[in-house]
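Notes follow once the structure below has been shown.
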Amino acid sequence: MTQRQSSEDRAAWLADVSRVDVDRPNAARMYDYYLDGNTNLAVDRAAAEELLKTGPWARPYAQANRAFLGRAVRYLTEQGIDQFLDLGSGIPTVGNVHEVAHQLNPAARVAYVDVEPVAVAHARRLLADFDNVSITQADIREPATVLAQPGVAELLDLGRPVAVLAVAILPFVTDDTEVVEVVAGYRSACAPGSYLAISHISPLGVTDEQLAHAYDVMSRTPTPVRWRTEAEIRPLLAGYTLVEPGLVWTPNWRSDHSPSWLSDPADANAFAAVGRLP
Ligand SMILES: C[S@@+](CC[C@H](N)C(=O)[O-])C[C@H]1O[C@@H](n2cnc3c(N)ncnc32)[C@H](O)[C@@H]1O
């Protein structure tokens, strides 16, 4: 799962990060740490380790989530989808959406969106040489603004089917009414035959104390989180027809086998689904 930066890339990244924030942990860089990347700082590693004290799920969650993203993009490309809007795309790591899609269709277009300036600057450097790939800094909670950004509007043709990827991003929309509106904002802009892929962390099997501790650690970042139960996640897929196997634990979505490092798929602590707009 690991893609570590070269020392040259890391030096450029550190220059970016030192202009922005070195004092506060950050979700994108904590996630990178759980994926064994090196695009993170001491403050991120400390917060990630703090969370691990009561959250043994954190690493399996990140790794199973990333694996789901790869399987979903492969599946969608096989269905003929050749344009992707990746919301909350994170720091580029191994198995990025354009890499997976381009294996099957080198002409596939991918618009990445993230709010975190350092993740965006890093992605911009790494993606500079790729055609048909853009990175935009924007807040995904504002669908109309996101869709009007040149990196999105000039790359994607929303008159044709597109796949919206909301993978490990909706927990950052903490308000329950707003999260439904956000998803609906993207859905209403998409043509019939478009898809939505989501994964979402869940508190099932987690004690109240573990959940409170996770919320507390994430509240020290600029992007606090809200975990949702399966019943709370399902309405986010309203309007879409779920493809098999429906809404399931991330490791179980179109996978023949659970990864060897995971004894129980529920330990990955997140649900995933892909739906198609009729
Ligand atoms: C856990 S990472 C997920 C990365 C990727 N989607 C994946 O599944 O591998 C969440 C990302 O969402 C970004 N994020 C959080 N809130 C956001 C917002 N309101 N708008 C855009 N990006 C956001 C964070 O900066 C971080 O990079």
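Every number in this text was worked out from the coordinates using simple rules, so none of it is lab data. Remember, predicted model here, so these are calculated numbers, not experimental data. Counting neighbours? That spans all protein chains shown, and the Cβs are built from the backbone with ideal geometry, glycine included.
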Exercise. Using the Cα gyration tensor of segment 132-278, with a ≥ b ≥ c the square roots of its eigenvalues, what is the shape: rounded (a/c below 1.5), prolate (a/b larger than b/c) or oblate (neither)?
Worked result: oblate
Seminar exercise, completed: Around Asp44 (Cβ within 10 Å, Cβ-to-Cβ, excluding Asp44; K/R +1, D/E -1) the net charge comes to +1
Seminar exercise, completed: Once Lys and Arg are counted +1 and Asp and Glu -1 for all other residues with Cβ under 14 Å from that of Ala111, the total becomes -3
Seminar exercise, completed: For the chain, averaging the sequence separation of alpha carbon pairs under 8 Å that lie six or more residues apart and dividing by its residue count, the contact order in percent is 19 percent
Problem set entry | Compactness of the chain as Cα Rg over 2.2 N^0.38 Å, two decimals | 0.94
Exercise. Taking 0.36 nm per residue of separation and subtracting the Cα-Cα distance, what length does fully extending Glu230 through Asp129 add?
Worked result: 32.4 nm
For this session: Could you run the Debye sum over the Cα atoms of segment 165-222, one equal point scatterer each and no solvent, and tell me log10 of I(q)/I(0) at q = 0.13, 0.23, 0.29 Å⁻¹, two decimals?
Result: -0.45, -1.03, -1.26
Exercise. Relative contact order of segment 93-137: what whole-number percent is it, with Cα pairs under 8 angstrom and at least 6 residues apart?
Worked result: 40 percent
Exercise. Any idea what the alpha-carbon Rg over 2.2 N^0.38 Å comes to for segment 1-120?
Worked result: 1.12
Seminar exercise, completed: Along the dipole axis of segment 148-205 (charges at Cβ: +1 for Lys and Arg, -1 for Asp and Glu; origin at the Cα centre), the most positive-end residue among Gln149, His200, Cys190 is Cys190
